[in-house]
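Below is one structure; the comments refer to it alone.
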Amino acid sequence: MNADSNMQIGDRISFESSGRYHADYKSGDIETGRWNLKANKLTIVADIEISIPMEYTVTKLTSTELEITLDIKFMKLLYRCKRIS
C-alpha cells in the first residue's frame, strides 16, 4: 500500500497473508512486525523489544484501498492507502 495522509507520500507498507507486515519509509527507516484483522479492528505489533499493540479502526477496505483511523487521546489520525501492485 502506498500511504498518504499522516504518513509521508511514498511510504510503503506490505501486509502479507502470513500475518506479517513490512514498512519502508521515505525517511529510510524500515519496520517489520505482525498484523491481525478482526471485524473492523486492525492490530499492528512492531518487531521491537518493547512494542505496544496499535489498534486501528478500518473505515474503508476494498481490493485497492485501505483507510484506517487511530484514536490517541485528543487526536484522531487518518491513514489512506492505495494498492500499488
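Name the shape class, rounded, prolate or oblate, that the alpha-carbon gyration tensor gives for region 8-64, where a ≥ b ≥ c are the square roots of its eigenvalues, rounded holds for a/c under 1.5, and otherwise prolate holds if a/b is larger than b/c and oblate otherwise.
It is oblate, given that a/c is not under 1.5 and a/b is not larger than b/c.
Let me check I've understood the local charge: for THR32, count other residues with C-beta under 13 angstrom from its C-beta, Lys and Arg +1, Asp and Glu -1. What total comes out?
-2
Extending each Cα 7 Å along its Cβ direction at THR57 and PHE74, get the distance between those two points in nm, one decimal.
Distance between the two pseudo-spin positions: 2.0 nm.
In nm, to one decimal, how far is the modelled label at ARG83 from the one at LEU37, with both set 7 Å along Cα→Cβ?
About 1.0 nm, to one decimal.
Let me check I've understood the local charge: for THR57, count other residues with C-beta under 11 angstrom from its C-beta, Lys and Arg +1, Asp and Glu -1. What total comes out?
0
Around LEU70, under 12 Å between beta carbons, what's the net of Lys plus Arg minus Asp minus Glu among the other residues?
Once all neighbours under 12 Å are counted, the net charge is 0.
Bear in mind these aren't lab numbers, they're just calculated from the coordinates by the rules spelled out. These figures come from a predicted structure and were not determined experimentally. We place every Cβ from the backbone using ideal geometry, glycine too, and count neighbours over all the protein chains shown.
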